[in-house]
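Q: Encoded as structure tokens, here's the structure I'll be asking about.
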Amino acid sequence: MSVTRTYDENTVIIFDTTLRDGEQSPGATLSSAEKLEIARQLSRLGVDVIEAGFPAASPDDLKAVQRIAREVGTPDGPTVAGLARAVESDIRTAWEGVKDAAKPRIHTFLGTSPSHLRMLRIDEEEGLKRIRKAVTLAKSFCDDIEFSPMDAGRTDMGYLIKACSLAVECGATTLNIPDTVGYVTPKEWAEKIEYLINETPGAGPGSGVIWSVHCHNDLGMATANTLAAVQAGARQVEVTINGVGERAGNTSMEEVVMALHTRKSAYDVRTNIDATQFMKTSRMVSNYMGMPVQPNKAIVGANAFAHESGIHQDGVLKDAETFEIMTPESVGLTQSRLVLGKHSGRHALKVRLAELGFNVDGDALNQVFGRFKDLADAKKHVTDADLEALIADEFHKPQEFYRLEDIQVACGTMGMPTATIRIANNKGESFVQAAVGTGPVDASYRAIDAVVDVPNTLIEYSVHSVTEGIDALGEVTVRISPPESGRTFGGYGADSDIVVASVKAYIAALNRMIAAMGHGDIVPEGDAATVNIRADESS
Ligand code: KIV
Ligand code: ZN
């Protein structure tokens, strides 16, 4: 089902930057297949603009943006934007990235605050020259141009007005005002935006220029600042799913959109977002980035609609409105249950998956059907969330250098937790390794390390159940960091056995790290045979 995007003067354009600013979060690296999948889901969600990446950052980034432009940037799909510094080569590469979209946009930016000008070693005059050159060049490729004066939150108003009016004179159609360091407060931000809208020559009401804001969350005020800007007249907001992004993150899309939808009388604006897609989009972004959502996160956190205290439960049971200002269904948290057991066929599974937005056929369907049957055997009800977790676990793995074949653990109070694993590498070799640890997960990770031998530190491990109940599917996300690299890599795994889920997540993170560090041909050393028993030798 595709969304219909319509526009009037009260439409707030939702510009999603999960794939660009969001991907800049530590450890949030995505493969280009994952970016494409997320872009497709963002399109189903109804976002108006997808900032697909920063094409000049690397050839891989360029390719990922090109794929999204071609496959998601269809005539009835979203605008696809590519980011570019105010530098000729960046702008040309950004255009290469987005030119095949039906609605391409180049988004160019230059730091305008005193500290950013100092960092660039330029003065205000030189800044204006660069803006003129960059926007004029971008306009020679594309009609839809966005200009951002970076660190606008700390830029002098007089200079900000000069920079913005010059950008419009050179062809910018959207002026995006970023609070790059998350410094401003709602009241001063609203005043600033209102003043800019009214005082910037060529960009006032009726000019056709769209004013936008892009807020960071360093003081926890990104959502409040963004909403204040909407009240002041901004008609584009730059946001990410789950609020992912540099440092404390960007403004969370689900928070802003649900505030606009739920408090309609306060804001009197509309969006093109189909909010029932939020839960699914949130899970997808969290799983692929290896970044768990905090349980008490507004809208998409596991506890956002959970009522624990007796008084609350009683109230909600009598009348949901007592303690609920929006329904769980309105953000896609359905209780929908697909009760398929041993006797159920793959057709019903295929149909439900298609309803959830996954078109799975042939071998892939057989694969997921096998997993589904195992799960249906282990637990009574298989929910939509279970299916989404299975799909993420089966199909959204990074390039596989190593793969789990089998695992067995022994643990409890009677002895030392021990894990025996069998893993295969991408050369078709299989290794068996046993290790002892402080618990079954630690023992498994030690056994894997003995085979894979890629030094790293586990910096985050989190496990949670997809649904309620003792038989629930467990989801594990981990983040690891190679020594002295400053980089982190995430991995995700789901299984009804949390040790298996933990091992899958760790191997996924290792695979991602190996791919990124260019160690794709890593196989255990020959002399490791003393520790690693090759499967064929051990049998
Ligand atoms: O935070 C920021 O200023 C940015 C710009 C590139 C818009 O991300
Ligand atoms: Zn930003």
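Q: Note down all Cβ pairs under 7 Å where the first residue falls in the stretch 180-195 and is open to solvent by 100 Å² or more (accessible area, probe 1.4 Å), the second is within 16 Å of ligand 2 (Cβ to nearest atom) and assigned to a helix (DSSP H, G or I), and they're at least six residues apart or on different chains.
A: Listed pairs, sorted by first residue: 183/153; 183/154.
Q: Residue by residue through the stretch 454-476, note down the ones that are open to solvent by 10 Å² or more (accessible area, probe 1.4 Å) and either in contact with a helix residue (DSSP H, G or I) (Cβ under 7 Å, 6 or more places away or on another chain) or modelled with pLDDT of 90 or more (or both).
A: Within the stretch 454-476, 454, 455, 456, 457, 458, 461, 463, 466, 467, 471, 475 meet the criteria.
Q: Still on this structure: When you scan the stretch 236-295 for helices (runs of 4 or more DSSP H) that lie fully inside it, which ones turn up with 2 or more residues that are more than 16 Å from ligand 1 (Cβ to nearest atom) and open to solvent by 30 Å² or more (accessible area, probe 1.4 Å)?
A: So the answer is 253-262, 264-267.
Q: For residues that are more than 9 Å from ligand 2 (Cβ to nearest atom) and farther than 11 Å from residue 50 by Cα, tally how many sit in the stretch 14-26. Walk me through it before giving the result.
A: So in the stretch 14-26, the residues more than 9 Å from ligand 2 (Cβ to nearest atom) come out as 14-16, 18-19, 22-23, 25-26.
So of that shortlist, the ones also farther than 11 Å from residue 50 by Cα come out as 22-23, 25-26.
Within the stretch 14-26, residues that are more than 9 Å from ligand 2 (Cβ to nearest atom) and farther than 11 Å from residue 50 by Cα number 4.
Q: Let me ask you something else. Considering (1) under 17 Å from the mean Cα position of the chain (by Cα); (2) within 16 Å of ligand 2 (Cβ to nearest atom); (3) touching a residue at least 40 places away in the same chain (Cβ under 8 Å), say which one residue 86 fails and leave the rest.
A: (1)
Q: Filter the stretch 426-447 down to residues that are in contact (Cβ under 8 Å) with a residue 24 or more places away in the chain and open to solvent by 10 Å² or more (accessible area, probe 1.4 Å), then give me how many there are.
A: Looking only at that region, the number is 12.
Q: List the pairs whose first member sits in the stretch 448-462 and is in the same structural domain as residue 433 (by TED's automatic domain parsing), whose second member is open to solvent by 20 Å² or more (accessible area, probe 1.4 Å) and charged (D, E, K, R), and whose Cβ atoms are under 7 Å apart, counting only residues at least 6 apart or on separate chains?
A: From the stretch 448-462, the pairs are 459/479; 460/479.
Q: Taking the options 121, 132, name whichever one is at pLDDT 95 or above, surrounded by fewer than 18 Cβ atoms within 10 Å (Cβ to Cβ) and touching a Cys at 6+ places or on another chain (Cβ under 8 Å). Before the answer, list the steps.
A: On the way: 121 fails: touching a Cys at 6+ places or on another chain (Cβ under 8 Å).
Of the residues listed, the single one that is at pLDDT 95 or above, surrounded by fewer than 18 Cβ atoms within 10 Å (Cβ to Cβ) and touching a Cys at 6+ places or on another chain (Cβ under 8 Å) is 132.
Q: Could you tell me which of the residues 143, 100 is out of contact with any strand residue (DSSP E or B) (no Cβ under 8 Å at 6 or more places or on another chain), closer than 22 Å to residue 42 by Cα and open to solvent by 60 Å² or more (accessible area, probe 1.4 Å)?
A: Matching residue, one of 143, 100: 100.
Q: A further question on this structure: Given the criteria farther than 23 Å from residue 128 by Cβ, among the aliphatic types (A, V, I, L, M) and either in contact with a strand residue (DSSP E or B) (Cβ under 9 Å, 6 or more places away or on another chain) or surrounded by 19 or more Cβ atoms within 10 Å (Cβ to Cβ) (or both), does residue 72 qualify? First the steps, then the outcome.
A: Details: farther than 23 Å from residue 128 by Cβ: yes; among the aliphatic types (A, V, I, L, M): yes; either in contact with a strand residue (DSSP E or B) (Cβ under 9 Å, 6 or more places away or on another chain) or surrounded by 19 or more Cβ atoms within 10 Å (Cβ to Cβ) (or both): yes.
In short, yes.
Q: Looking at residue 418, is it within 26 Å of residue 465 (Cβ to Cβ), assigned by TED's automatic domain parsing to the domain that holds residue 511 and touching a residue at least 12 places away in the same chain (Cβ under 8 Å)?
A: Spelling it out, residue 418 is indeed within 26 Å of residue 465 (Cβ to Cβ), assigned by TED's automatic domain parsing to the domain that holds residue 511 and touching a residue at least 12 places away in the same chain (Cβ under 8 Å).
Yes or no, residue by residue, for (1) within 14 Å of ligand 1 (Cβ to nearest atom); (2) in contact with a strand residue (DSSP E or B) (Cβ under 6 Å, 6 or more places away or on another chain); (3) of a type in the set (Phe, Trp, Tyr):
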{"site": "5", "(1), (2), (3)": "no, no, no"}
{"site": "11", "(1), (2), (3)": "no, yes, no"}
{"site": "24", "(1), (2), (3)": "yes, no, no"}
{"site": "34", "(1), (2), (3)": "no, no, no"}
{"site": "65", "(1), (2), (3)": "no, yes, no"}
{"site": "107", "(1), (2), (3)": "yes, yes, no"}
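The values are calculated or read from the model by the stated rules, or taken from the named source; none is laboratory data. Keep in mind it's a predicted model, so treat the numbers as computed, not measured. Using ideal geometry, Cβ is built from the backbone for each residue, glycine included, and neighbour counts are taken over all protein chains shown. Each accessible area value is taken on the protein alone, full model and side chains, heavy atoms only, with ligands, DNA and RNA left out. Shrake-Rupley method; radii C 1.70, N 1.55, O 1.52, S 1.80 Å.
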